[in-house]
Amino acid sequence: MLLAAQIADWQGTAVGGLTMGADPVACAALAGGARAKAFFIRKEAKHHGLQRRIEGPPLTPEDRCVVVEDVVTTGGSTLVAIEALQEAGQEICGVISVLDRLAGGGAAIEAAAGAPYRALSTIDEIYPERPDRPGG
């Protein structure tokens, strides 16, 4: 429900990201009621079949894409997904992660996407007493 609500707030029409981390998150968004189509981005296009890098129902120029990720640390996987969508000419209206490990990825993602980034939870909320926590 949190995913679906955020996607609706951003007027997203497509949700997905780099396979495998984004796959269950995109599917959860649809199961939670998001009125969007799901897409999945491969690290590179296959050399057989349709040879597409972005799989799922075809995205149109009118689609407003929400990029999703399970866990963000440095943002590397999410940045790959953002780049693939930008190369395909798609609009990114926001980025959502289930968990942000607060290692700088959020700022990098927001800058690359040119769109808002939102984490549904952070490592500080999930594991506040962890031994590597600053000041801990």
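Counting only DSSP beta bridges with both residues in the chain, the antiparallel share comes to about 10 percent. Our compactness index for the chain, the C-alpha radius of gyration over the empirical 2.2 N^0.38 Å, is 1.05.
Of all accessible surface on the stretch 37-136 at a 1.4 Å probe, what whole percent is carbon and sulfur? Carbon and sulfur: 54 percent of the exposed surface of the stretch 37-136.
Placing unit charges on the Cβ atoms only, positive for Lys and Arg and negative for Asp and Glu, gives the chain a dipole magnitude near 320 debye about its Cα centre. Checking every one of the trypsin sites (Lys or Arg not before Pro) in the stretch 42-136 against DSSP loop status and a limit of 12 other Cβ atoms within 10 Å picks out Lys43, Lys46. Annotation for the stretch 1-65: GluC sites (Glu not before Pro) lying in DSSP loop with at most 11 further Cβ atoms inside 10 Å of their Cβ are Glu44, Glu62. Between beta-carbons, use under 10 Å as the cut-off and find the net charge around Ala22, counting Lys and Arg +1, Asp and Glu -1. Every neighbour counted, the sum reads -3. Computed over protein heavy atoms with a 1.4 Å probe, the accessible surface of the stretch 20-136 works out to 54 Å² per residue.
When you count the other C-beta atoms within 10 angstrom of each residue and take the mean per peptide, 19-31, 88-100 line up highest first as 88-100, 19-31.
The values are calculated or read from the model by the stated rules, or taken from the named source; none is laboratory data. Fair warning: this is a prediction, and the values are worked out from it, not measured in the lab. Note that each Cβ is placed from the backbone with ideal geometry, even for glycine, and that neighbours are counted across all protein chains shown. These area figures cover heavy atoms from the full protein model, side chains too; ligands, DNA and RNA do not enter into them. Shrake-Rupley method; radii C 1.70, N 1.55, O 1.52, S 1.80 Å.
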